[in-house]
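Read the structure below first, then the notes.
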Amino acid sequence: MAPSLSPIRSHHVAVIGAGAAGLVAARELRREGHSVVVFERQKQVGGTWIYTDHIEPDPLSVDPTRSVVHSSVYGSLRTNLPRECMGYRDFPFTIRPGVSESRDPRRFPSHSEVLAYLQDFAKEFAIEEMIRFETAVLKVAPAVESEGIGKWRVESTENEKKVLRDEIYDAVVVCNGHYIEPRLAEIPGIRSWPGKEMHSHNYRIPEPFRDQVVVLIGNSASADDISRDIARVAKEVHVACRSNDADTLIKRPSYTNLWMHSMIESVHEDGSVVFQNGKTISVDVIMHCTGYKYHFPFLETNGNVTVDDNRVGPLYKDVFPPAFAPWLSFIGIPWKVVPFPMFELQSKWIAGVLSGRIPLPSKEDMIMEIKTLYATLEAQGIAKRYTHQMGITQFEYNHWLASQCGCSETEEWRKEMYLTTGVRKRTHPETYRDEWDDHHLVSQAYQDFSLYA
């Protein structure tokens with residue numbers, strides 16, 4: 001073990017982003033005694049949960065000069081996890097007494113209810129006083145070292161005041177989300193195909209697709225939701241998915257105009273799309289529901305932190321780059337997880353490591369563990385882009401974080417609720433949000449919540 005930074009010290013910390021990760025990071029850092037400044041480019045807290053009608057002028061979002069819209073939320077979006085499971089550990093996502101009737105009481109609520117919950121959290125813990133709104137971070141780069149502390153230069157600009165700031169911080173915590181920079185599927189022949197191509201980042205409502213033939217690419221939650229949303233008004237909807245067998249052609253039950261296919265084989269200048277299953281159709285729109293890239297345009301690390309085929313690395317436990325630990329860290333990199341409680345644990349760990357209360361391994365030991373992980377993934381044939389995918393392994397990871405922080409591990413009901421919801425989502429994709437049979441888990445959750453009332 002490297003020597004801990006004892007006695008416990010307070011540091012000046014910059015947090016990039018005031019979404020679900022940045023809010024809980026700010027709270028935990030301040031609880032640990034650090035001074036915190038949160039940089040947020042929007043006018044309010046909530047990050048990706050802030051809905052806007054605006055979409056980007058480039059429907060594929062590949063033009064580097066485009067004006068970027070920092071939300072991918074569509075109008076009909078509801079959570080795909082129940083609210084009891086989703087919330088921060090000590091601030092349950094329940095219907096609070098005295099809230100307005102405009103709130104959404106459903107177990108799988110709309111995006112607006114999640115945003116309202118994050119606003120409640122920020123208000124409850126007085127987080128807004130730490131936030132600089134409408135402030136874009138232009139550059140984060142290592143500055144001079146002082147007494148073994150790797151200082152960081154943060155350059156930012158405030159929209160309204162046109163104020164340019166150049167400041168020094170002891171540490172930077174990156175919480176800028178990863179639902180902004182789209183990934184696109186490669187489609188043979190796409191350059192000469194005459195139809196409209198777009199990414200789901202720029203989808204909001206189904207109306208523009210009325211009477212059209214639409215192909216969606218992907219098997220994510222968004223592809224599932226959006227295909228059903230559009231099928232209400234479109235002539236036909238076809239979902240192409242790489243993980244489907246080559247001969248897949250399945251009509252969705254309870255729909256007359258929605259089909260599942262294997263992947264697209266090619267597209268042609270007559271407007272046709274050919275699938276691997278041999279089916280050819282004439283198509284108006286291809287929508288990529290193919291996820292996002294990790295993107296840190298402000299971060300300058302001289303090659304010490306890179307994004308390679310969507311692997312952010314090297315990162316120890318998905319949080320600390322060994323070259324800069326603990327003065328640079330990332331929250332919210334893992335995916336296929338219950339996000340908010342994980343952000344909370346990652347934040348507690350970072351805050352405790354920065355104060356010297358929790359020791360980190362040596363730089364060499366961290367690098368060795370990362371190399372072992374990469375070698376294991378490669379031996380298992382897992383592509384780099386799945387490095388941060390967790391699923392069931394998130395609970396082992398959370399348990400490790402909790403043990404580092406000295407707090408209790410994930411509640412059993414929360415794990416079971418996550419797993420039960422996953423099964424119901426697969427077996428009852430149309431109704432899992434409104435019909436469920438885990439009432440005993442809900443009761444257990446509310447018993448726990450009573451401790452925080």
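The values are calculated or read from the model by the stated rules, or taken from the named source; none is laboratory data. Because the structure is a prediction, the values reported are computed rather than measured. All Cβ positions, glycine included, derive from the backbone under ideal geometry; neighbour counts span all protein chains shown. What goes into the accessible areas is simple: the full protein's heavy atoms, side chains included, and nothing from ligands, DNA or RNA. Shrake-Rupley method; radii C 1.70, N 1.55, O 1.52, S 1.80 Å.
Between I95 and E369, what length in nm is gained on full extension when 0.36 nm per residue of separation is reduced by their alpha carbon distance? Mind showing how you got there, number by number?
Details: separation 274, 0.36 × 274 = 98.64 nm, distance 4.25 nm.
Difference between extended and current length: 94.4 nm.
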_How tilted is helix 20-31 with respect to the longest principal axis of the chain? Cα atoms for both, answer in degrees (0 to 90, nearest 10)._
10 degrees
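Report, to the nearest whole %, how much of the accessible area of region 283-327 belongs to carbon and sulfur atoms, 1.4 Å probe, protein only.
Numbers: 640 of 1550 Å².
Roughly 41 percent, rounded to a whole number.
Taking 45 Å as R0, compute the FRET efficiency from the Cβ-Cβ separation of H54 and L451 and round it to 0.05.
In this case the efficiency is close to 0.65.
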_Just to be sure I understand the model, the point goes 7 Å from the Cα along the line to the Cβ. What's the resulting S266 to K139 distance in nm?_
4.8 nm
_Over region 365-404, with the other protein chains present, what is the accessible area per residue in square angstrom, probe 1.4 angstrom?_
60 Å²
_Could you work out the percent of alpha carbon pairs in region 265-354 separated by over 17 Å, rounded to a whole number?_
63 percent
*Mean separation of Cα contacts under 8 Å (6+ apart) over length of region 93-246, as relative contact order %*: 11 percent
*Inter-probe distance in nm under a simple model that places probes 7 Å from Cα toward Cβ, at N159 and T280*: 4.9 nm
*For region 406-415, just list the computed ³J(HN,Hα) in residue order, Karplus coefficients 6.51, -1.76 and 1.60, θ = phi - 60°, integers in Hz, with x standing in for Gly and Pro.*
x, 10, 5, 6, 4, 4, 4, 5, 5, 4
*What is the helix-to-structure angle for 221-231, meaning the angle in degrees between its Cα long axis and the longest Cα principal axis of the chain, kept from 0 to 90 and rounded to the nearest 10?*
30 degrees
*Ellipticity estimate at 222 nm from DSSP helix runs (n ≥ 4, -39,500 (n - 2.57)) divided over the chain, nearest 500*: -8000 deg cm²/dmol
_Residues with amide H under 5 Å from that of K139, placed H, sequence gap 5 or more_ = E155
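Stick to Cα atoms and the Kirkwood definition of Rh, then tell me Rg/Rh for region 229-383. Working shown, then result.
Details: Rg = 22.1 Å, Rh = 19.5 Å.
Computed over Cα atoms, the ratio is 1.13.
Rounded to the nearest 0.05, what FRET efficiency do R183 and E396 have when you use their Cβ-Cβ distance and R0 = 25 Å? Working shown, then result.
Details: r = 27 Å, r/R0 = 1.09.
E(calc), rounded to 0.05, equals 0.40.
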_Cα Rg, Dmax, the chain, angstrom units_ = 22.8, 71
*Can you flag which of K293/K425; K139/K415; K363/K384; K196/K293; K363/K415 are past 31 Å Cα-Cα?*
K139/K415; K363/K415
*Each residue of region 311-316 in turn: what ³J(HN,Hα) in whole Hz from Karplus with 6.51, -1.76, 1.60 and θ = phi - 60°, glycine and Pro shown as x?*
9, 8, x, x, 10, 7
_Stretchable slack from I168 to D63, in nm (0.36 nm times residue separation minus alpha-carbon distance)_ = 34.6 nm
*Residue separation times 0.36 nm, minus the C-alpha to C-alpha distance between Q119 and Y255: what's the value?*
45.2 nm
*For region 85-101, list residues with backbone N below 20 Å from a point placed 7 Å from the Cα of H440 toward its Cβ?*
85
*May I ask for the angle, rounded to the nearest 10°, between helix 439-449 and the longest principal axis of the chain, with both axes built from Cα atoms and the value confined to 0 to 90°?*
30 degrees
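R0 = 25 Å: FRET efficiency of Q44 with N80, Cβ-based, nearest 0.05? Show your work: numbers first, answer last.
Values: r = 24 Å, r/R0 = 0.95.
That gives a FRET efficiency of 0.55.
Could you work out the relative contact order of the chain? I mean the mean sequence separation of Cα pairs under 8 Å and 6+ apart, divided by the number of residues, in percent.
Values: 873 pairs, mean separation 85.9, N = 453.
About 19 percent, as a whole number.
Can you list the trypsin sites (Lys or Arg not before Pro) in region 1-82 that are in a DSSP coil and have 15 or fewer other beta carbons within 10 angstrom? Please report the intermediate quantities before stating the final value.
Values: sites: R9, R27, R30, R31, R41, K43, R66, R78; in loops: R9, R41, K43, R66.
Passing sites in region 1-82 are R9, K43, R66.
So which trypsin sites (Lys or Arg not before Pro) in region 158-191 end up in coil per DSSP with only 12 or fewer other C-beta atoms within 10 Å?
Loop-located and lightly packed - K161, K162.
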